[in-house]
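S.K.: This is the structure I have questions about; it appears just below.
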Amino acid sequence: MSRVVTLGCCVAVTTSLSAQPIMEGDRSVPVEARNGMVVTSHYLATEEALKVLKAGGNAVDAAVTAAFALAVTQPRSGNIGGGGFMLVSSETKGEVKAIDYREKAPAAATRDMYLNDQGEVDQKLSRFSHKAAGVPGTVAGLALALEKYGTISLAEALAPAIKLAEEGFVVPPRFSEGIRDRAVLLGQFESSRKVFFKPDGTFYEPGDLFVQKDLAATLRRVAEQGVKGFYEGKTADLIVAEMQKGGGLITHEDLKNYQPEIREPVHGTYRGYDVYSMSPPSSGGTHVVQILNILEGYPLGESGLNSAKTIHLMAEAMKRAYADRSKYLGDTDFVDVPLKGLTSKAYAEELRASIDPARATPSVEIRPGNPSPYESNETTHFSIVDKYGNAVSNTYTINFSYGSHIVVDGAGFLLNNEMDDFSAKPGVPNAYGLIGGEANKIEPNKRMLSSMSPTIVMKDGKNFIVTGSPGGSRIITTTLQVLLNVIDHHLNIQAAVNAPRVHHQWLPDEIRIEQGISPDTIALLEGMGHTVEQKAAMGAIQSIMIGEEGVFYGGADPRRSTSSAQGY
Ligand code: GLY
């Protein structure tokens, strides 16, 4: 089998498929608890967040604690140098809100900033240079979450992360494997070498202690001064000095002006459940709801989990949604997005009518549709629920595993390379093969389009499923399949997380599958005209399901060996 490089948020795999098991860990049943549940991609973050719940804190307190702990223990994707989205559901208030802390383009960014003299996209510039970084939103977003919905102080939420950075933690195998995989890219930057390699240039091995004094000092400044400890003063000086070393664009003004936003999430219904997911500048929620609307017209439970018929229908629905994504989605602070049309049942019916139940429609024959009306106007995920009826679904990222691979010298954290999520040139795919257009062109202070899909499903006003995933363009379809696996196929949450996944994103015109789809299913799909490609595992979806009896079931994704679900 061929070698595969998956650049999806927080997933960096360069391996031969035959050597790569789909699951890094070994989990088969969900974790059960009655008072609180935390599911993250790192056991140390899970443990710290669970302590907060046990001490009486709510899900938002635990979420912010987990996010800062992940920034220390899983620096390839946990971050303070990137951005993300958080959904907060409160059963008692009867509301679900979305916090948008996505990075923004610096004020000096221009539409053609990544084009070379021949008018071609310079991918090194948009992915692995100081110019690749958007203005980070994580610290401001987490502080806003605590201020609006939390009960503990920023300093309290930061304390475990500061201790983990200051005193160090024992390196698990996944940590040292990640650095080995990216050694060449990280090794290009002196500041990154200082953090990720030992002083003699050798690798941190499993069992070694990993201490991050600069990062501890940066986090302490935030604990002492609040968001100003990041966006102004010494940390801001260090970021701007790093920019000046490599021709980066982020200025003191960009940092000082950064503001997160509280937004309304996208809302849809599916077979009697209410689905809330992330609104623009993420495309995630829009397309999760759009694909669910199309699939609602088919009895997927009868056609069965991962049968050829089910996969065919999912792929056809996915293709049509990703075609629309390429044309319509962008930052709604800058462009009109026909959200109502894209997520309407009527438009889904129209798209469904174009699906042949027995034959694949070639992607070249699918163009972005015509939803109406316009309304005026890699990443890591964790899910947390508490005993007060709150749920948090949070996905945040620095884009690639290790982002731009550039550590801010003296501040100890990696900068994102999120600018690559803009459409650098219409029709030219980004790192995930996603095509974008005018709606996602680069503009100063604009947020680049995302696929992150933190999602909360409710039934009769009660939280039911809390889920989300890394995985770049695969985030939307990974999230979708966990919902289908529970609602249509009646799997428990761990089985729903474990089940092999499929993905179609319109272009390239192929169904990407994980290991575990049977050869006869593949043959049937090929007989319908599909191209089927088995590639590396997709996503790392950290999920919670709440049973009618009020029991919390945690399903951590075994595709990531450090994933951990714990409750009490
Ligand atoms: N950086 C990947 C995404 O936000 O979709």
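The values are calculated or read from the model by the stated rules, or taken from the named source; none is laboratory data. Here the structure is a predicted model, which means the values were calculated and not measured. Positions of Cβ are generated from backbone atoms using ideal geometry, with glycine treated the same way; all protein chains shown enter the neighbour counts. Heads up: the accessible areas ignore ligands, DNA and RNA and are worked out on the full protein's heavy atoms, side chains in. Shrake-Rupley method; radii C 1.70, N 1.55, O 1.52, S 1.80 Å.
S.K.: Of Lys54/Lys535; Lys198/Lys245; Lys131/Lys194, which sit over 32 Å apart, Cα to Cα? Please list the in-between numbers first.
M.R.: Values: Lys54/Lys535 41 Å; Lys198/Lys245 23 Å; Lys131/Lys194 21 Å.
Distance filter (> 32 Å) returns Lys54/Lys535.
S.K.: Ok, one more. Output the relative contact order of segment 421-560, whole-number percent, from Cα pairs under 8 angstrom with separation of 6+ residues.
M.R.: Result for segment 421-560 is 20 percent.
S.K.: Now for a separate question. Percent relative contact order of segment 74-149, based on C-alpha pairs within less than 8 angstrom and at least six residues apart?
M.R.: Computed value for segment 74-149: 37 percent relative contact order.
S.K.: How much net charge surrounds Lys198 when only other residues with a Cβ under 11 Å from its Cβ are counted (Lys, Arg +1; Asp, Glu -1)?
M.R.: Combined, the nearby Lys, Arg, Asp and Glu give -1.
S.K.: Continuing with the same structure: On average over all directions, what projected area in square nanometres does segment 208-334 have, based on the convex hull of its Cα atoms?
M.R.: The number I arrive at for segment 208-334 is 13.8 nm².
S.K.: To the nearest µm²/s, what D does Stokes-Einstein give for segment 51-95 at 20 °C and 1.002 mPa s, using the Kirkwood radius over alpha carbon pairs as Rh?
M.R.: So the translational diffusion coefficient is about 180 µm²/s.
S.K.: Cα-Cα over 18 Å: which of Lys340/Lys425; Lys124/Lys425; Lys93/Lys148?
M.R.: Violating the 18 Å Cα-Cα cut-off are Lys340/Lys425.
S.K.: Out of the total accessible area of the chain (probe 1.4 Å, heavy atoms of protein only), what percent is carbon and sulfur?
M.R.: Working: 9780 of 19190 Å².
Carbon with sulfur: 51 percent of the solvent-accessible area.
S.K.: May I pose another question? Apply the Debye scattering formula to segment 405-551, with a single equal point scatterer on each alpha-carbon and no solvent, then give log10 I(q)/I(0) at q = 0.13 Å⁻¹.
M.R.: So the normalised log intensities work out to -0.77.
S.K.: Moving to a separate point now. If ligands, DNA and RNA are left out, what is the accessible area of His267 with a 1.4 Å probe, given in Å² to the nearest 10?
M.R.: 80
S.K.: Sticking with this structure for a sec: Measure out, as a whole number of angstrom, how far apart the alpha-carbon centroids of segment 213-239 and segment 456-501 sit.
M.R.: 37
S.K.: Here's something else I'd like to know. Under a 1.4 Å probe, what is the accessible area of the chain per residue, stated in Å²?
M.R.: Per-residue value: 34 Å².
S.K.: Rounded, prolate or oblate: which one fits segment 99-182, using the alpha carbon gyration tensor with axes a ≥ b ≥ c (rounded when a/c is under 1.5, else prolate when a/b beats b/c, else oblate)?
M.R.: oblate
S.K.: Please give the calculated 222 nm ellipticity per residue for the chain, where each DSSP H segment of at least 4 residues contributes -39500 (n - 2.57) and the sum is spread over every residue; nearest 500 deg cm²/dmol?
M.R.: Working: 20 runs with 193 residues, N = 568.
Helix-only estimate at 222 nm: -10000 deg cm²/dmol.
S.K.: OK, next. Net charge near Asp237, counting Lys/Arg +1 and Asp/Glu -1 over other residues with Cβ under 14 Å of its Cβ?
M.R.: Result for the local shell: -1.
S.K.: Say R0 is 35 Å: what FRET efficiency, to the nearest 0.05, do Arg271 and Thr151 get from their beta-carbon distance?
M.R.: That pair, Arg271 with Thr151, gives E of 0.50.
S.K.: Under 5 Å between amide hydrogens, which residues at least 5 positions from Ala109 or on another chain qualify, with H placed 1.01 Å from N in the peptide plane?
M.R.: Asn445
S.K.: Measure off 7 Å from each Cα along the Cα-to-Cβ vector at Lys198 and Ala353, then give the distance between these two points in nanometres to one decimal.
M.R.: Here the answer is 6.8 nm between the modelled labels.
S.K.: May I have the pair-distance distribution P(r) for segment 388-432, computed from all Cα-Cα distances with 10 Å bins from 0 and rounded to whole percent?
M.R.: Percent of Cα pairs in each bin: 23, 34, 25, 15, 2.
S.K.: Longer than 32 Å from Cα to Cα, which of Lys104/Lys327; Lys345/Lys387; Lys345/Lys446 are they? Say none if no pair is.
M.R.: Exceeds cut-off: Lys345/Lys387.
S.K.: Continuing with this model, one more query. Shape verdict for segment 420-468, please, from the Cα gyration tensor: rounded (a/c under 1.5), prolate (a/b greater than b/c) or oblate.
M.R.: Here segment 420-468 falls in the prolate category.
S.K.: Here's a follow-up. Rounded to the nearest 5, what % of the DSSP beta bridges within the chain are antiparallel ones?
M.R.: 95
S.K.: Work through the residues other than Met528 whose Cβ is under 12 Å from its Cβ and net out their charges, Lys, Arg +1 and Asp, Glu -1.
M.R.: -1
S.K.: Moving on to the next point. Can you give the relative contact order of segment 470-546 as a percent, counting alpha carbon pairs under 8 Å and 6+ residues apart? Before the final figure, lay out each step's value.
M.R.: On the way: 85 pairs, mean separation 26.7, N = 77.
RCO, segment 470-546: 35 percent.
S.K.: Give the shape of segment 273-377 as rounded, prolate or oblate, defined through the alpha-carbon gyration tensor: a ≥ b ≥ c are the square roots of its eigenvalues, a/c under 1.5 means rounded, and otherwise the shape is prolate if a/b is larger than b/c and oblate if not.
M.R.: Taking the square roots of the gyration eigenvalues as a ≥ b ≥ c, segment 273-377 is prolate.
S.K.: Per 20 Å bin, what is the whole-percent P(r) computed from every C-alpha pair distance within the chain?
M.R.: For the chain, the binned pair fractions read 24, 60, 17, 0 percent.
S.K.: If packing is taken as the average number of other Cβ atoms within 10 Å across a peptide's residues, how do 77-83, 533-539, 275-281 rank, most packed first?
M.R.: Highest-to-lowest ranking by the protection proxy: 77-83, 275-281, 533-539.
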